[in-house]
1. Report yes if L94 is surrounded by 14 or more Cβ atoms within 10 Å (Cβ to Cβ) and touching a Phe, Trp or Tyr at 6+ places or on another chain (Cβ under 9 Å), otherwise no.
2. If I filter segment 143-153 down to residues being in a helix (DSSP H, G or I) and surrounded by 17 or more Cβ atoms within 10 Å (Cβ to Cβ), which single residue comes out as nearest to the chain's Cα centre (by Cα)?
3. Being touching a residue at least 40 places away in the same chain (Cβ under 8 Å) and more than 13 Å from L63 (Cα to Cα) is the filter here; which residues of segment 31-52 pass it?
4. Being in a loop (DSSP other than H, G, I, E, B) and touching a Lys or Arg at 6+ places or on another chain (Cβ under 9 Å), is that true of even one residue in segment 169-183?
5. In segment 84-134, how many are assigned to a loop (DSSP other than H, G, I, E, B) and either closer than 25 Å to D184 by Cα or at pLDDT 90 or above (or both)?
6. Test P155 against the criterion of being at pLDDT 95 or above and more than 20 Å from S73 (Cβ to Cβ), and give yes or no.
Amino acid sequence: MGASTSTAGAARGGRGARERILRAAEELFYTRGIRATGVAALMEAAHVSPRTFYAHFPTKNALVEQYLRRFESENPIAAEAELDRADLAPARRLLAIFTPVEGDASTPIRGCPFHNAVVEGAGELPEVARLAQRHKQAFRDRLVAVAAEAGAADPEALGRQLAVIFEGANALAASCNDNRVFSDARRAAETLLAAALGLASGG
């Protein structure tokens with residue numbers, strides 16, 4: 001799930017500068033990495049001056065934190081949003097999170113932005129770690145709730161197990177730049193789901 005909105009051609013300074021900075025962060029932090037993206041690159045992509053940049057974000061870390069918060073509100077992670085689809089039965093929603101993200105084959109798979117931020121922070125960004133932990137716990141809780149809707153015998157166990165499979169698939173896909181791992185992850189999830197629902201086979 002990469003940022004798709006380009007900031008090229010945006011007006012310099014003025015109104016909308018904060019939004020342009022955030023869009024630049026979404027694009028560059030996700031595709032290039034947080035540590036590899038300097039403030040100068042962010043300012044260039046957002047077409048803002050240092051004064052404007054620091055008026056909105058006094059530090060780069062403050063921007064990183066807001067970049068992550070947007071995934072919880074305005075720009076939800078696509079796979080996780082599958083859990084809220086009203087057109088799918090609960091069991092189908094649990095499996096839908098394992099659908100490979102379609103995109104340009106030349107674009108590297110970057111995985112989960114929260115996971116990436118924690119790894120890059122290497123223990124030096126406690127607020128980023130807190131945001132990631134909160135997000136991951138909320139995702140597990142949502143899986144448990146949907147598992148209960150689906151009629152799982154032990155929704156807590158099923159939700160946590162599906163979270164492990166999902167997080168592992170994301171990490172492996174990013175490490176190997178291979179979306180095919182989600183097909184294996186889905187089959188594993190189908191087996192767990194079938195057992196939890198007392199079915200002969202997964203769906």
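The values are calculated or read from the model by the stated rules, or taken from the named source; none is laboratory data. Since the structure is predicted, the reported quantities are computational estimates derived from the model, not experimental observations. Cβ sites come from the backbone with ideal geometry, for glycine too, and all protein chains shown count toward neighbours.
1. Considered against the rule, which asks whether it is surrounded by 14 or more Cβ atoms within 10 Å (Cβ to Cβ) and touching a Phe, Trp or Tyr at 6+ places or on another chain (Cβ under 9 Å), L94 comes out as no.
2. Result: L143.
3. Step one: of segment 31-52, the residues touching a residue at least 40 places away in the same chain (Cβ under 8 Å) are 31, 33-35, 47.
Of everything in segment 31-52, those that are touching a residue at least 40 places away in the same chain (Cβ under 8 Å) and more than 13 Å from L63 (Cα to Cα) turn out to be T31, G33, H47.
4. No, segment 169-183 contains no residue that is in a loop (DSSP other than H, G, I, E, B) and touching a Lys or Arg at 6+ places or on another chain (Cβ under 9 Å).
5. Adding up the residues that qualify gives 21.
6. Working: at pLDDT 95 or above: yes; more than 20 Å from S73 (Cβ to Cβ): yes.
So P155 passes the test.
Per-residue answers, yes or no, for (1) assigned by TED's automatic domain parsing to the domain that holds A185; (2) acidic (D, E):
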| position | (1), (2) |
| --- | --- |
| R35 | no, no |
| F53 | no, no |
| E82 | yes, yes |
| D87 | yes, yes |
| A91 | yes, no |
| A96 | yes, no |
